[in-house]
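Here the structure is laid out as structure tokens; the discussion comes afterwards.
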Amino acid sequence: MALEGRKVAFLVAAEGIEQVELTEPWKAVEEAGGTPELVSVRPGSVQAFDHLDKADTFTVDKVVSEVRPTDYDGLVLPGGVANPDNLRQDPSAVRFVGEFFARGKPVAAICHAPWLLIEADVVRGRRLTSYPSLATDLRNAGAEWVDEEVVVDAGLVTSRRPQDLPAFCAKAVEEIGEGAHRSQARSA
């Protein structure tokens, strides 16, 4: 199996996570033989949403201030508008993301999650996609934004919205399975 023996961090804020952008990649990692862990800014549980409506809660496995990228083989950043907006205000979360890039480890970000990549200053010179409303933010941060279902740039996987999840999940599993990408660190 592609991710046998690999551990994948799913970094989320305390609330505002688009549930399907958490659960579908989580399921894909498990089905590929990997071990997902829910990492958040505080212990306890997190509140997911189905667009603007509250959905399920999920139990946090680890707090971001207590883990390091060396503990994981890959990182998944689910979207939702509030989720990455909250995360980009947390220095531990921003540092955690930046260190993944510095180490060349695969990162998969969907929907609004690239806001966190902007805050970590890792998009300059990268080709990626996101929810369309972030296009100007990403261009202003030095990225080449494209309107495609899934974009892979040296270990960075991005997609636009929940409808892109099948392609996003497949590419995230593939990139995490490949391991570190030396060229990923170029933007860190």
Next item on the list: With a 1.4 Å probe and every protein chain left in place, work out the accessible area per residue of the chain in Å², rounded to a whole number.
Entry: 43 Å²
Item checked: Charge context of ARG139, other residues only, Cβ under 12 angstrom, K/R +1, D/E -1 -> +1
Note to self: Rounded to the nearest 20 debye, what is the charge dipole size of the stretch 85-124 about its Cα centre when +1 sits on each Lys and Arg Cβ and -1 on each Asp and Glu Cβ?
What the structure shows: 180 debye
Check: With a ≥ b ≥ c the root eigenvalues of the C-alpha gyration tensor of the stretch 88-132, is it rounded (a/c under 1.5), prolate (a/b larger than b/c) or oblate?
Finding: oblate
Notebook entry, point to check: Under the rule of -39500 (n - 2.57) per DSSP H run of 4 or more residues, summed and divided by the residues of the chain, what mean residue ellipticity at 222 nm is obtained, to the nearest 500 deg cm²/dmol?
Noted result: -8500 deg cm²/dmol
Check: So how strong a dipole does the stretch 1-146 carry about its Cα centre when Lys and Arg Cβ are +1 and Asp and Glu Cβ are -1, to the nearest 20 debye?
Finding: 560 debye
Checklist line | Cβ-based net charge around THR59, under 15 Å, with every Lys or Arg adding one and every Asp or Glu removing one | finding: -2
Notebook entry, point to check: Each residue of the stretch 45-60 in order: what ³J(HN,Hα) in whole Hz does its phi give by Karplus 6.51 cos²θ - 1.76 cosθ + 1.60, θ = phi - 60°, with x for Gly and Pro?
Noted result: 9, 10, 9, 8, 10, 10, 6, 9, 9, 4, 10, 8, 10, 9, 7, 6
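Percent antiparallel among DSSP beta bridges with both residues in the stretch 29-188, to the nearest 5?
45 percent
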Next item on the list: Take every Cα pair under 8 Å in the chain that's 6+ residues apart, average their separations, divide by the length, and report that relative contact order as a whole percent.
Entry: 22 percent
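Is the shape of the stretch 1-158 rounded, prolate or oblate, going by the alpha carbon gyration tensor and its root eigenvalues a ≥ b ≥ c, with a/c under 1.5 for rounded and a/b larger than b/c for prolate?
The shape class here is rounded.
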Notebook entry, point to check: Which value does Rg/Rh take for the stretch 111-188 over its C-alpha atoms, Rh per Kirkwood?
Noted result: 0.94
Check: In Å, what Rg and Dmax follow from the Cα atoms of the stretch 1-82?
Finding: 12.3, 36
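Over the stretch 1-151, what percent of the accessible surface lies on carbon and sulfur atoms, probe 1.4 Å?
Carbon-and-sulfur percentage of accessible area, whole number: 43.
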Check: Which three semi-axes in whole Å describe the equivalent ellipsoid of the stretch 45-113, each the square root of 5 times a Cα gyration tensor eigenvalue, listed largest first?
Finding: 22, 13, 11
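The values are calculated or read from the model by the stated rules, or taken from the named source; none is laboratory data. No experiment lies behind these values; they were computed from the predicted model shown. Note: ideal-geometry Cβ built from the backbone for every residue, glycine included; neighbour counts use all protein chains shown. We work out accessible area using only protein heavy atoms, side chains counted, and drop any ligands, DNA or RNA first. Shrake-Rupley method; radii C 1.70, N 1.55, O 1.52, S 1.80 Å.
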